[in-house]
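Just below is one structure, and these are the notes that go with it.
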């Protein structure tokens, strides 16, 4: 998934904050060399090194997780792009997602509902030959959210199940489910 401009900056802001914190901790280590008391210098240097290791480690974890979320998950099917698109479009409509952009047989971009405690997630699905590629991320203004990452995994699973069921079988299954409710 490609993010541009301000969305990219906002999405990677947690990683940038960790980088900023590591710079401050590095400055603490350098400052410790200029302290008159050896005991104070050791304490400040130890705190700086601890903060540096922690912030760099956390920044790397954020960066790797966010980069992984931007990558597409591929599902192979026996159907053509048009039927895969129809199956995913039906599932997205049933789920109540807002469709931001659609190009039948090629691409579908959607966003989940925004609630008081949830900023929503973005989902991009591309259709290539017999493959369906899906990526889902938290709203870029949120940056990193464990709960949002779980929602994104559920969204990818919804697309996978929709593609496996196919356009007609998936619709019939959802109609049976809605009749029972």
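The values are calculated or read from the model by the stated rules, or taken from the named source; none is laboratory data. Since the structure is predicted, the reported quantities are computational estimates derived from the model, not experimental observations. Cβ coordinates were reconstructed from backbone atoms using ideal geometry, including for glycine residues, and neighbour counts include every protein chain displayed.
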Might you let me know whether the range 98-107 holds any residue that is in the same structural domain as residue 151 (by TED's automatic domain parsing) and in contact with a helix residue (DSSP H, G or I) (Cβ under 6 Å, 6 or more places away or on another chain)?
yes
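Going by what's in this entry, would residue 82 be described as within 19 Å of residue 156 (Cβ to Cβ) and under 27 Å from the mean Cα position of the chain (by Cα)? Before you say what the answer is, go through the steps one by one.
Values: within 19 Å of residue 156 (Cβ to Cβ): no; under 27 Å from the mean Cα position of the chain (by Cα): yes.
It is false that residue 82 is within 19 Å of residue 156 (Cβ to Cβ) and under 27 Å from the mean Cα position of the chain (by Cα).
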Checking residue 57 against (1) within 30 Å of residue 19 (Cα to Cα); (2) in contact with a helix residue (DSSP H, G or I) (Cβ under 7 Å, 6 or more places away or on another chain); (3) surrounded by fewer than 16 Cβ atoms within 10 Å (Cβ to Cβ), which test does it fail?
(2)
Any residue at all in the range 102-117 that's surrounded by fewer than 16 Cβ atoms within 10 Å (Cβ to Cβ), touching a residue at least 60 places away in the same chain (Cβ under 8 Å) and over 19 Å from residue 158 (Cα atoms)?
no
Considering 17, 24, which residue is without any contact (Cβ under 8 Å) to a residue 60 or more places away in the chain, within 27 Å of the chain's Cα centre (by Cα) and either within 27 Å of residue 138 (Cα to Cα) or in a helix (DSSP H, G or I) (or both)?
17
